[in-house]
Structures are given as structure tokens and as C-alpha cells.
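Structure record follows, encoded as C-alpha cells.
Read the figures in this text as sums done on the coordinates, not as results from a lab. Computed from a prediction, not measured in an experiment: that's the story for all the values here. All Cβ positions, glycine included, derive from the backbone under ideal geometry; neighbour counts span all protein chains shown.
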Amino acid sequence: MIKRIPYPALFGLIVTISFFLAAVFAPWLAPYGMSQVVGDVWEPASAAHWLGTDNIGRDLLSRLIYGGQTTIFVAIAATMVAFVVGTALGLFAAVIGGWVDQALSRLVDLIMAIPSLIFALVVLSVMPVTVPVLVIVVGLLEATRMFRLSRAVAADLAVMDFVEAARLRGEGRSWVIFREILPNVISPLIAELGMRFIFVVLFVSTLSFLGLGIQPPHADWGGIVKENKDGIVYGIPAALLPAVAIAALAISVNLVADWILERTTSLKGGRNG
Amino acid sequence: MAEPLLVIEDLKIEATSYPPGEKPQKITIVNGVSLTLEKGKVLGLIGESGAGKSTIGLSAMGYGRGGVRLTGGSIRLNGREMRRAPGKVLRSTRGAEVTYVAQSAAAAFNPARKLMDQVVESTLKHKRMTRAEAKARAIELFTRLGLPDPETFGDRFPHQVSGGQLQRAMTAMALCPKPDLVVFDEPTTALDVTTQLGVLAAIKKAIRDFDVAALYITHDLAVVAQIADNIMVLRGGETVEYGTCDQIINNPQEEYTQDLVAAINVERRERDPDEKPVLTLRGISARYRGLDFDVLKNINMDVQPGTTLAIVGESGSGKSTLARVLTGLLPPHTGAVEFDGAVLSSALKGRSKQELQELQMIYQMADVAMNPRQTVGTIIGRPLEFYFGLKSKEKRERVIKLLDRIELGEEFIDRYPAELSGGQKQRVCIARALAAEPKLIICDEVTSALDPLVAKGILKLLRDLQLKEGVTYLFITHDIAAVREVADTIAVMYRGEVVRYGGKQEVLSPPFDDYTELLMRSVPEMRLGWLEDTLTLLEEHLPASAVPEGA
């Protein structure tokens with residue numbers, strides 16, 4: 001299975017892993033401190049500063065590496081919240097059915113009817129913007145998507161004979177959810193997890209760009225774009241670099257998620273496969 | 001007193017197996033078996049496959065199948081040691097003093113030679129008679145074995161006679177040289193039930209008439225009880241019990257023998273109409289939510305333990321709804337279900353774990369009745385764990401036993417459902433139901449998704465399990481042919497009502513009511529024009545309501 005990784009997936013895997021390693025080892029990799037002013041404003045690339053410096057003379061490469069750390073870790077945490085909450089509620093709703101399902105589904109519809117960015121802006125503008133709050137707000141908003149997917153997939157499964165067989169055996173609800181249904185929904189959920197991660201990265205970056213995400217002096221990619229956006233007028237590429245990083249991460253994680261989806265569903269015995 | 005005809009003392013037989021990638025291993029096939037056989041007596045060797053019964057039978061001829069070595073003890077035939085006898089002695093004994101009837105006569109005859117030549121072959125080879133005498137004896141044997149046209153029977157080729165006749169011809173071949181001992185190795189196992197009866201009677205008569213001794217090897221206690229004077233029960237190459245036929249059947253000492261005997265007695269008991277039913281339906285009506293009419297109307301029926309109640313009807317007749325009522329998925333509108341003497345709670349939630357365990361279900365689509373992400377071991381093992389608290393090793397052993405009962409090997413334990421064939425999947429579902437040791441199994445169209453041969457295998461398995469373990473079935477189907485095969489009682493359902501209910505003979509013999517007639521007529525016959533004939537007949541004789549749409 002692992003032997004033949006298609007090239008796009010391999011590329012995605014390498015880039016993704018590089019990003020994660022960079023995030024984990026940021027303090028050792030970054031040539032300068034995160035908020036250390038080391039040069040002039042918007043210096044061009046040089047041997048000392050590979051990517052130049054930012055709007056107040058901080059090393060842009062170091063900033064990007066630290067920013068990546070923040071962005072990726074916040075995104076992972078928020079995605080986990082989304083995954084755990086969304087999937088658990090989705091499976092629960094599908095298995096129980098009836099009014100519980102109705103109530104949860106309508107609530108989710110309600111939340112999804114409000115544009116999530118505006119919803120987040122409103123919530124974050126009244127709450128203190130700290131990392132945990134950010135993680136929970138973004139996580140819960142994204143959980144609605146996980147809920148819909150897991151509920152849809154599980155609702156199909158919940159009426160199948162093997163689930164009925166388990167019920168007739170007298171199995172408890174947790175066995176039905178975790179042992180009968182979860183193993184069968186996990187592959188689309190994993191693929192969705194990859195997608196969610198990317199959306200969360202974009203979401204957090206957007207919030208930071210709007211000033212309601214990660215607060216300075218902490219760096220994150222959205223924040224770096226915001227700090228350097230004025231430079232674009234003068235032909236200074238500093239604002240584009242974090243955008244490139246976001247795009248590269250998004251594409252590579254997507255390639256990996258696609259591959260996982262394909263691999264797990266093409267397994268004999270997978271759903272519809 | 002002279003020594004008996006055959007004396008086997010402390011026989012030990014070993015073989016070497018060569019598992020791939022491992023060192024060769026010595027296996028003991030028979031361990032310390034002793035027996036004696038007097039002239040003119042019949043000794044039945046009985047045991048499950050692998051018990052070593054065939055190996056012992058062949059050893060009486062001083063023969064071991066390929067790779068098998070007679071390593072210890074002694075085998076004396078007419079006082080002569082056979083175990084290490086030189087080839088010359090063995091050759092002169094085999095086919096003369098001791099002869100052999102193999103399980104598959106079809107495979108044992110040479111298809112290119114006439115039966116007569118083969119029947120007298122060994123007699124002539126050993127110069128025990130002249131050709132004319134041998135032929136005369138063969139014809140006499142044909143007569144006594146009840147073969148048709150004994151005078152000319154021998155002129156036929158093996159493919160020109162039936163399987164049962166071939167088996168009798170083989171018995172004639174074995175008896176022709178006037179042997180002292182005949183080894184019958186499962187002579188009737190490959191035959192169908194009615195043919196088996198004839199062959200068995202013929203063999204019994206021939207043995208008595210010609211006063212030969214016989215070793216009769218079989219796995220079927222009922223068969224051996226008819227024919228043997230003494231019985232030896234074998235298991236894993238060792239003697240479990242050895243005694244007279246009467247003692248083994250009526251007063252078995254060992255637990256294993258008692259189980260064997262009990263398994264057969266179940267079959268006898270099930271014919272008892274006075275026995276308390278395991279399941280009783282009293283005036284069941286049911287409707288689905290949102291419908292204002294009953295899908296089931298006043299259903300009453302009983303199921304006796306160890307029998308099969310077949311529920312027949314077209315789709316939409318309410319048979320599967322009935323199954324849902326029984327399992328508690330659809331609480332009935334009115335009426336009650338009595339199971340094992342107590343009223344079952346109408347809803348699933350109100351049922352005890354024991355009640356759930358005693359009522360199991362097998363589904364139509366084995367594909368979707370098993371979790372595709374669980375191995376066979378998990379699927380079958382879960383009820384064991386859930387109901388009986390079996391863990392790791394014990395559980396695995398039980399699963400392997402269950403796999404054995406559904407005629408699948410140990411290697412299936414780690415497979416996923418997707419790696420099984422349709423029939424194998426259904427077998428695994430049967431094993432899952434059996435694992436719970438239920439009193440009643442509901443079989444919902446279990447064979448309709450399978451091709452006919454595989455379906456037949458499943459029906460046979462279900463029947464065998466019923467004979468051996470006394471399982472009770474509620475068999476839901478639209479297939480009259482399957483009903484004929486498995487049912488003891490039949491209920492015909494039409495539009496939510498039972499239109500005909502009773503014993504198999506009664507229900508399946510005329511006069512029929514309209515709907516049953518239609519059902520019976522609907523089984524395709526193997527002749528041209530059947531469809532047209534049947535449709536015309538239906539139009540003439542049946543009310544329009546009973547004819548399916550489009551007919």
C-alpha cells in the first residue's frame with residue numbers, strides 16, 4: 001500500500017512534513033528571534049536576511065518560521081476540536097435519530113446559515129482574543145461541516161443490517177457508534193479532516209489579517225501579510241511570502257488528503273468500493 | 001479358544017506433515033487402539049473426520065496411505081501378523097481374505113472396463129475360483145444385493161449404472177472372493193438418503209447371508225446402529241468407547257458418545273407434536289407508523305423445538321414484517337409473542353440479554369449484515385464475548401470450532417467479509433447466530449441472494465445443524481423449493497394474513513387454496529411452454545386479485 005505513493009502525493013507529503021518540522025523546530029531553525037529588530041525597514045534579500053526584513057526591520061524568514069508555527073498549531077488544535085465535536089455529534093445524531101437528530105441538525109443549519117467569518121468576527125469582537133478562545137471559536141464553527149458529513153455518512157450506515165444485528169444482539173450505543181459505524185466512516189472523515197485543516201489555516205489567517213486573530217507581537221502568516229501589506233505599493237514582496245506559504249501548505253495537504261481518500265476507499269470492502 | 005479373526009493391539013500410526021516453511025512434524029494419527037473382531041461379526045468404527053477411523057480400517061489390510069507409517073502395536077488377521085508382513089504375504093491376503101469397499105464407488109471403478117470383469121478380477125487373480133464359478137457367484141451376489149437384471153448387469157460399464165448401483169457392485173466385488181473380512185469405508189456417505197437406505201439394506205443382508213466379518217467405518221451413528229454388532233467410538237486417534245451396539249446406543253458411558261447419541265435422538269424427538277412450542281404467536285397484528293391499516297392481521301402460529309417453520313409468501317405479504325415483530329424492532333399493534341414459555345416484551349429495549357441471546361437472526365444479504373471493517377474472527381467472536389464473556393484464547397478456540405461447524409477452515413478467522421464468497425459470507429452469518437447458542441434462529445430469505453448450488457449448500461448446512469444441535473428455525477422465504485427442503489411446518493402468507501398453515505405434507509398437497517396454488521405454480525419447471533401454460537391456467541382459474549401485476 002505504502003510502496004506506491006503517486007508523485008503528487010509524495011510531493012504533498014514532503015512539503016507538508018517540511019512545514020510541520022519547521023513549525024516544531026522553529027526556535028532552532030530561525031536565524032533570529034521572532035520579534036528581534038535586526039535591520040532596516042524592508043531590506044531586500046541578502047546573505048544575512050535570506051528573505052529580507054519586514055516593516056519594522058525584523059528578519060522575515062524567522063518571522064515566517066515562527067508565524068508558521070503559530071498558524072499550524074492553532075489550525076491543528078481548531079481542526080481537532082472541529083473533528084471531535086463534529087464527528088461525535090454527527091454519529092450520535094445519526095444513530096439516535098428522532099428528535100435528537102432533528103434538534104442537532106437544525107441547530108447546525110442555523111449556524112451554517114450565518115457566514116462563518118462574520119459570525120467569528122462578531123464573537124471575537126466581544127470576547128478577549130486569546131489563543132484558546134480563537135481555537136474554540138474556529139473549531140466549533142468548522143465542526144458544523146464535520147457534523148454534516150459524518151451524520152450523512154453514518155445515517156446511511158445506521159440502517160444497514162449489520163448495525164441492526166448489533167442492536168438485536170443488545171449492544172449498547174457506544175459499541176454501535178464506535179465499533180460498528182466509526183470504522184466505516186473514518187476514511188471520508190480523514191479526507192475531510194485534511195480539507196478542514198486548510199480551511200482553518202485560511203480562516204485563522206483571515207482573522208489575523210483583520211486584526212482579530214493572533215495578536216502582535218506574535219507572528220502568524222495572516223498577521224505578517226497585514227503588517228507588510230503597505231509594502232506592496234512600493235513593490236516590496238514581503239506581504240506575498242506568507243501568502244505563498246499558505247498556498248503551498250494548502251495545496252500539499254490537499255494532495256495528501258486526496259491520496260488518503262483514494263487509498264482508503266479503493267480498499268476492497270470500503271464504502272461503495 | 002481360537003484367536004478371533006482380527007486382533008489389533010495397541011496400534012500406533014504416525015505420519016509426517018510438511019507445513020510450508022517449517023520443519024517436518026510428526027503427527028500421531030492413531031494412538032494405542034486395540035480391538036478384536038470375531039468371524040461373522042460387524043464392528044462399526046465411528047467418529048468425526050480426522051478421528052483416524054479410515055486409517056484403522058486400512059491398517060487391517062496392513063496398508064497405510066501415502067506418508068502414513070504403522071509404527072507400533074500388532075495387527076493379526078487369521079493369526080498372521082500384518083503390520084510388518086513382507087509384500088508377498090500382503091499381496092496374497094489383500095483382495096482374498098480381506099477386501100475393501102471405498103467411499104466413492106464412482107472413483108474406484110475403471111470406467112473403461114465392464115463391471116463383471118472388475119467384480120471378478122481379484123477372485124481370479126488369487127485363483128480362488130475358476131472364471132465360470134466367479135461369474136456365477138457374481139450374478140448370485142448381484143441378485144442378493146438387489147441389482148436389476150443380475151444376469152446382464154455385469155455387461156454394463158460403470159457410467160451406465162446409478163451411483164447406488166455402483167456402490168452395490170463394489171460390495172459384490174468385495175464379497176466375490178469369499179473373504180473373511182470386508183472393510184467398508186463410508187460406503188453410503190456419498191449417496192442420497194433414499195439410495196443409502198437401499199444400499200445399507202443390501203450390505204446388511206449380504207453380510208448376514210455370507211457370514212463375513214466387517215469393519216464398517218462411518219461418521220453416522222444412525223447408520224452404524226443398523227448394521228453393527230459392536231461399535232467403537234473414536235476421537236483424535238484414540239478409543240473413546242468400545243462396546244456392543246446396544247450398549248453404545250442405549251447406555252453410552254462417555255460424554256462424547258452421549259453427545260453423539262443425543263444428536264440423533266433430537267431428530268426423533270422433533271416429530272413429537274405434543275411438545276411445548278418454543279415460540280407461539282397469539283393474534284399478532286402490526287402496522288407501521290403513519291399507516292392506518294394493519295400490515296399483519298391476526299397471525300397465530302407455533303414453532304416446536306428442533307423443527308422448522310417456513311413462512312412463505314411473495315414480497316409484500318408481510319413475512320419480513322413478522323420477523324421485525326419477533327425481533328422487537330416493530331412492536332405489534334395487538335397480540336403477544338410467547339417465547340420459551342414466557343411472554344416477550346414487544347419492544348427491543350424491554351428484552352433481557354438472555355432473551356436476545358436465545359433469539360438470533362440471519363439476514364438475506366450477508367454482504368451488508370456484516371461490518372466490512374471487522375474480521376470474521378471479530379464478527380463471530382463478538383456474541384461469544386458479549387453473551388458469555390469469553391476472552392482472547394478461549395474465544396478464538398470457540399470461533400475456530402464454529403468455523404469448523406460451518407465447514408470453513410481456521411484460516412478464515414483473519415479475513416474480512418470482502419474476501420469471502422457469497423456462500424461463505426452467509427455461512428459466517430450462520431456461525432455468528434450459532435455463537436449465541438440460540439433457541440430460535442430467524443432466517444430471513446437467507447438463500448435468495450445466492451446462486452442455486454450455493455443456496456443448496458446453505459440449506460444442507462442449516463439442516464445438518466438442526467439434526468446435530470437441535471436448532472429451531474423460522475424460515476422466511478418466497479422459494480417453494482427451499483421450503484420443501486427444510487420445512488416441517490409451513491405457513492403461507494398473503495397480504496398480511498396466514499392463508500394456509502399446517503404440516504409440510506398437508507400444506508403442499510392438494511386441494512390448494514387459490515393463493516397457494518399460484519405459489520406452487522410459480523416455481524419454474526424445466527420444460528418449454530411452462531410459462532405460457534401456467535399463465536393461461538392462472539387466468540382461467542384464479543381471481544384477478546391473486547394474479548401478480550404484469551402476469
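The long axis of helix B:422-435 is offset from the longest Cα principal axis of chain B by roughly 80 degrees.
Inter-chain neighbour count for A:155-164: the average number of beta-carbon atoms from partner chains within 10 Å of each residue's beta-carbon is 5. Kirkwood analysis of chain A, using all unique Cα-Cα pairs, places the hydrodynamic radius at 20.5 Å.
Ordered from longest to shortest, the equivalent ellipsoid semi-axes for segment B:112-267 are 33, 17, 12 Å, each the square root of 5 times a Cα gyration tensor eigenvalue.
By the count of other C-beta atoms within 10 Å, a proxy for reagent exposure, A:Leu91, A:Leu202 are ordered fewest to most as A:Leu202, A:Leu91. Taking Cα atoms only, the orientation of helix B:452-469 departs from the longest principal axis of chain B by about 80 degrees. Ignoring lysines fewer than eight residues from B:Lys353 along the same chain, the ones with Cα atoms less than 28 angstrom from its Cα are B:Lys276, B:Lys319, B:Lys391, B:Lys393, B:Lys395, B:Lys401, B:Lys425, B:Lys439, B:Lys468. How much net charge surrounds B:Val454 when only the other residues with a Cβ under 12 Å from the Cβ of B:Val454 are counted, with Lys and Arg +1 and Asp and Glu -1? Net of charged neighbours comes to +3. A crude spin-label estimate for the pair B:Ala418 and B:Gln226, with each label 7 Å from Cα along the Cβ direction, gives 4.9 nm.
Counting Cα-Cα pairs of segment B:370-485 in 5 Å increments starting at 0 gives whole-percent bin shares of 2, 12, 23, 23, 21, 12, 5, 1, 0. Using a Debye calculation, one point per C-alpha and no hydration shell, please list log10 I(q)/I(0) for segment B:279-509 at q = 0.16 Å⁻¹ in order. The calculated log intensity ratios at q = 0.16 Å⁻¹ are -1.14.
Taken as Cα centroids, segment B:420-474 and segment A:138-198 sit 31 Å apart, rounded to the nearest whole angstrom. Taking all Cα pairs closer than 8 Å and separated by 6 or more residues, the relative contact order of chain B comes to 12 percent. In terms of overall dimensions, the C-alpha atoms belonging to chain B reach 87, 60, 47 Å along their principal axes, ordered largest to smallest. Taking a span of 18 Å or more along the helix axis (Cα atoms) and a mean Kyte-Doolittle hydropathy of at least 1.0 as the rule, the DSSP H helices of chain A that qualify are A:7-24, A:60-96, A:131-158, A:182-209, A:240-266.
For the listed residue pairs B:Lys41/B:Lys456; B:Lys12/B:Lys456; B:Lys12/B:Lys39; B:Lys135/B:Lys460; B:Lys41/B:Lys114; B:Lys12/B:Lys41, the alpha carbons are over 30 angstrom apart in B:Lys41/B:Lys456; B:Lys12/B:Lys456; B:Lys135/B:Lys460; B:Lys41/B:Lys114.
Distant-in-sequence amide contacts of B:Ala214, defined by a placed amide H-H separation under 5 Å and a gap of 5 or more residues or a different chain, comprise B:Lys41, B:Val42, B:Leu43, B:Val182.
Computed from Cα atoms, the angle from the helix B:193-210 axis to the main principal axis of chain B rounds to 20 degrees. Principal axis extents of the C-alpha atoms in segment B:454-525 (largest first, rounded to whole Å): 37, 25, 22. Averaging 1/r over every pair of different alpha carbons in segment B:35-190 and inverting the result gives a Kirkwood radius of 16.4 Å.
Local charge for B:Ala15 was computed over the other residues whose Cβ lies under 14 Å away, with Lys and Arg +1 and Asp and Glu -1, and equals +3.
Residues considered: A:Phe83, A:Phe162, A:Phe119. Largest GNM mean-square fluctuation over chain A, using C-alpha springs under 10 Å, is found at A:Phe162. What the Cβ-Cβ distance of B:Phe157 and B:Glu437 gives, at R0 = 45 Å and to the nearest 0.05, is a FRET efficiency of 0.35. Projecting label points 7 angstrom from Cα along Cα→Cβ for A:Trp99 and A:Val159 puts them 2.2 nm apart. Summing charges over all other residues whose Cβ lies under 15 Å from the Cβ of A:Ala26, with Lys and Arg as +1 and Asp and Glu as -1, gives 0. The listed peptides B:223-230, A:92-99, B:36-43, ordered by packing as a protection proxy, come out as B:223-230, B:36-43, A:92-99 (highest mean of other Cβ atoms within 10 Å first). Legend: calculated FRET efficiency, B:Thr16 to B:Lys125, from the Cβ-Cβ distance at R0 = 25 Å, rounded to 0.05, equals 0.15. Dipole of chain B computed with +1 at Lys/Arg Cβ and -1 at Asp/Glu Cβ about the Cα centre; of B:Ser448, B:Leu329, B:Thr28, farthest Cα towards the positive end is B:Thr28. Note on segment B:6-269: Rg/Rh from Cα positions, Kirkwood definition for Rh, rounded to two decimals, is 0.98.
Mean partner shielding of peptide B:352-362, defined as the number of other chain Cβ atoms within 10 Å of each residue Cβ, is 2. Take each residue of peptide A:166-175, count the partner chain Cβ atoms within 10 Å of its Cβ, and average: the result is 5.
Seen from a random direction on average, the alpha-carbon convex hull of the protein assembly as shown projects onto 50.9 square nanometres.
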